[in-house]
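Derivation of every value follows stated rules applied to the coordinates shown; laboratory data play no part. Only a predicted model underlies this, so the values are computations on that prediction, with no experimental measurement involved. Here the Cβ is made from the backbone with ideal geometry for all residues, glycine too, and neighbour counts use every protein chain on show.
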Amino acid sequence: MSIAGILKWLGFSADALASFLRELVDKVPTAGPQVEEWIVKLYAPLSAENILALLTQLPKEALDIAQGKIVPRQHPSDGPH
Amino acid sequence: MKSLKTHPLETFAILFALIFLVAVALTLATGPANASTHGVAAAYIGAGPVAFGDADPYHGDFEPAVSLSASLAPHISVVGTGAWGVCNSYLRGSGGINLCATDTDNSNFSVSAGIEYHVASKAALRPNEWCPGVSIGLVPLPDRFPRFSLVGCGWYGLTTNQSGASLKGAWRFPL
């Protein structure tokens with residue numbers, strides 16, 4: 001199962017999304033490599049192992065925070081919502 | 001299932017959620033947390049359009065916004081945003097936790113899922129409620145403008161069952 005497959009199940013076209021993303025590259029050419037990476041991930045099969053790994057990682061990080069161990073990262077998605 | 005195909009806001013939110021799943025499944029870093037050169041806290045100033053659910057009288061607006069974030073762990077951040085609706089003259093705020101699945105190969109791109117409490121100054125955007133959501137951020141020009149990012153966010157109100165979405169360009173100020 002891939003993200004493209006999930007989109008198809010919901011009634012959306014992954015091909016249309018990929019085309020839209022490629023149109024963005026025409027406006028911002030330097031974003032081309034990142035957009036192509038996104039499109040590859042769109043059709044790649046999902047890995048349950050990585051999802052499980054994230055779920056096991058989060059409690060460890062929560063414990064670290066509780067113990068005062070702060071390990072920051074820069075996340076653009078932490079910007080204004 | 002509701003008619004998601006024709007509701008653009010829910011489409012937006014679902015697409016963001018699916019992109020988050022992709023990022024989690026394919027780019028998760030499970031190795032030991034490394035010391036980061038980035039500070040814990042950052043402030044952002046940004047602006048962009050926002051869209052609300054069909055049941056909201058304000059279907060959309062344009063919002064200048066400020067936000068604060070604190071990255072506490074590689075995958076856990078605390079975030080908060082305050083925005084002003086230019087057309088409808090409202091204040092909207094949100095705050096909560098983001099669980100981040102940052103692409104370890106590209107620190108200029110991240111996808112997060114989390115939950116925030118949304119508040120608003122006008123009754124048209126109430127009741128205040130908890131909203132799970134997903135967000136995606138990209139620094140499109142990291143060499144020339146490393147502090148400029150694009151942030152897209154979709155959320156779903158647990159009380160109103162209404163979705164919303166925003167897209168903002170923002171400038172980051174490390175604290």
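Side notes on the structure shown:
- Peptides A:67-73, B:110-116 ranked from most to least packed by the mean count of surrounding Cβ atoms within 10 Å: B:110-116, A:67-73.
- Percent RCO, i.e. relative contact order, over the stretch B:85-157, from Cα pairs under 8 Å lying at least 6 residues apart: 25 percent
- Entry note, the stretch B:40-102: relative contact order of 27 percent, from Cα contacts under 8 Å with a spacing of 6+ residues.
- A dipole drawn for the stretch B:70-175 from +1 and -1 charges on Cβ atoms has a positive end, and of B:Ala124, B:Ala113, B:Asn161 the residue lying farthest that way is B:Ala124.
- Rounded FRET efficiency, nearest 0.05, which uses the C-beta distance separating A:Ala62 from B:Ser121 and R0 of 30 Å: 0.35
- Summing charges over neighbours of B:Ser89, with a neighbour being any other residue whose Cβ is under 14 Å away from its Cβ, gives 0 when K and R count +1 and D and E count -1.
- Relative contact order (%) - criterion: Cα under 8 Å, at least six apart; region: the stretch B:51-175: 18 percent
- The stretch A:65-81 residues near the modelled A:Val28 label - backbone nitrogen below 19 Å, point 7 Å along Cα→Cβ: A:74-81
- Amide proton proximity set for B:Glu129, modelled H, under 5 Å, gap of 5+: B:His118
- Rh (Kirkwood; distinct C-alpha pairs) - the stretch B:73-148, Å: 14.1 Å
- Loop-resident trypsin sites (Lys or Arg not before Pro) (DSSP state other than H, G, I, E or B) in the stretch B:103-164 with no more than 11 further Cβ atoms inside 10 Å of their Cβ: B:Arg144.
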